[in-house]
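Beneath this line is the structure, given in structure tokens, with notes to follow.
The values are calculated or read from the model by the stated rules, or taken from the named source; none is laboratory data. Just so we're clear, the structure is a prediction, and the values are computed from it rather than from any experiment. Heads up, the Cβs are rebuilt from the backbone with ideal geometry, glycines too, and the neighbour counts pull from every protein chain shown.
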Amino acid sequence: MHLFNFGINHKTAPLELREQAAFAPDSLVTALADITDAGGAREATILSTCNRTEIYCSHEQANENSLVEWFCDYHRLNADDIEPFLYRNPGDEAVRHAFRVASGLDSMVLGEPQILGQMKEAFATAHKTGVTGKLLNQLFQHTFSVAKQVRTDTQIGASAVSVAYAAVKLAKQIFTDLSQKTVLLIGAGETIELTAQHLSQQQVGHIIVSNRTVERAQKLAELVGGEAIALAELPTRLHEADIVIASTASQLPILGKGAVEQALKKRRHRPIFMVDLAVPRDIEAEVSELSDVFLYTVDDLQNVIEENLQSRREAAEEAEKIIDLQVGHFVDWLKSLDAVPMIRALRENADHLRQAELDKARKLLATGENPEVVLEALARSLTNKYTHAPTAALKEAGLVADKAVIEAARRLFDLKV
């Protein structure tokens, strides 16, 4: 049985093509059934995210082309159009690819952890559908174990590498416990949405979302169990915020020095941590002059992120060493599968001989033969029949000086000659 992985990702294919090749969540079960029926796969798992669509499968013969043809037919794609963007990983290359993907080494953001959860979900769907077997079950269990080892033994995910995550991590470093803190988010775009998700994961006390369009603010607030307000309400609500994170498309500052001073007076000078992720700025630069304000700009965070990216790159080198070792272990397991049919046949043959001789011995005992004589005959007959085939093969090898067979027999039977 052969292992094979193929697909496209953010490194090899443009967004337009990735969109065409994506599998909708509600179509995965049907697709898995189809590839194992019409596509020629024995086992299959489909991983489809915004950055990649790839298939892991096993098959009896080297028919990778038919699997790729199924993929193109399923999505109504011209094979010639997709071929330049497609990667193919047979055998141990597929194993290495799975390990690297799960560990975040093949992600757009180096070391990001979300892909591991997506792989687990993809495998769970395939397993529940009944299209995984011994090979893929072992591959994915080993993959998840390797990813965990990489996370544990390296610093691949220890440092923030997005401005949203960096802002939240910095807030946690300053306040330690965010469960009693109120966060004011200004804006409702992608960056603020990602920030809100990170804050929610940190179980922040209360989130207020302020946006020019209140409906968008309300939609985001509902996702994180927060509260939505209009931008016009900022002057009367700013003092409630321990943390302010802003990212809008405004060409003029949303918060000025005067408004922040008024808020600090109401707070009796309890400090406010502010992060301005916008370009142009949402918070006037002069706000940083206030003694009870810790103001960080997107440039401040970018410096932190670049340092953290370098740290992740160094950790990635360590992760690659772990993966090299674990690929070797898995390939050894794969090679051992080649001997399984031979081992099964050997045991079945031995069981057949044992049962035949045992039946013969029981018949002799039933006729009143001496048990000791019967046992002696049973042992002698079993010995002769077990050693007949290897003895004949060794004699023939001796006649033609086949040293390979003789050495194999020495190893198989642990002979000290």
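Miscellaneous remarks
- Exactly one residue out of LEU399, LEU364, LEU412 is surrounded by 12 or more Cβ atoms within 10 Å (Cβ to Cβ) and of a type outside the set (D, E, K, R): that is LEU364.
- Criterion (free of Cβ contacts under 8 Å to residues at least 60 places away in the same chain, not basic (Lys, Arg) and not in a helix (DSSP H, G or I)) met by exactly one of GLY104, GLY117, GLY111: GLY104
- Within segment 55-80, the residues that satisfy the criterion of being free of Cβ contacts under 8 Å to residues at least 60 places away in the same chain and either out of contact with any helix residue (DSSP H, G or I) (no Cβ under 8 Å at 6 or more places or on another chain) or among the aromatic types (Phe, Trp, Tyr) (or both) are GLU60, GLN61, ASN63, ASN65, SER66, TRP70, ASP73, TYR74, ARG76, ASP80.
- Matching entry among ILE305, ILE323 (being of a type in the set (A, V, I, L, M, F, W, C) and modelled with pLDDT of 95 or more): ILE323
- Residues in segment 170-181 that are surrounded by fewer than 19 Cβ atoms within 10 Å (Cβ to Cβ) and not acidic (Asp, Glu) were compared, and the one that is farthest from VAL109 (Cα to Cα) is GLN180.
- Meeting the requirement of 1 or more residues that are out of contact with any Gly (no Cβ under 8 Å at 6 or more places or on another chain) and hydroxyl-bearing (Ser, Thr, Tyr), the strands (runs of 3 or more DSSP E) wholly within segment 1-79 are 43-48, 52-59.
- Enumeration of residues in segment 297-328 that are of a type in the set (A, V, I, L, M, F, W, C) and in contact (Cβ under 8 Å) with a residue 12 or more places away in the chain: VAL298, LEU301, VAL304, ILE305, LEU309, ALA315, ALA316, ALA319, ILE322, ILE323, VAL327
- Evaluation of SER291 against (1) small (Gly, Ala, Ser); (2) within 15 Å of GLY187 (Cβ to Cβ); (3) part of a loop (DSSP other than H, G, I, E, B) (one fails), failing number: (2)
- Residues (exposed (fewer than 15 other Cβ atoms within 10 Å of the Cβ) and among the charged types (D, E, K, R)) located in segment 200-226: GLU215, GLU222
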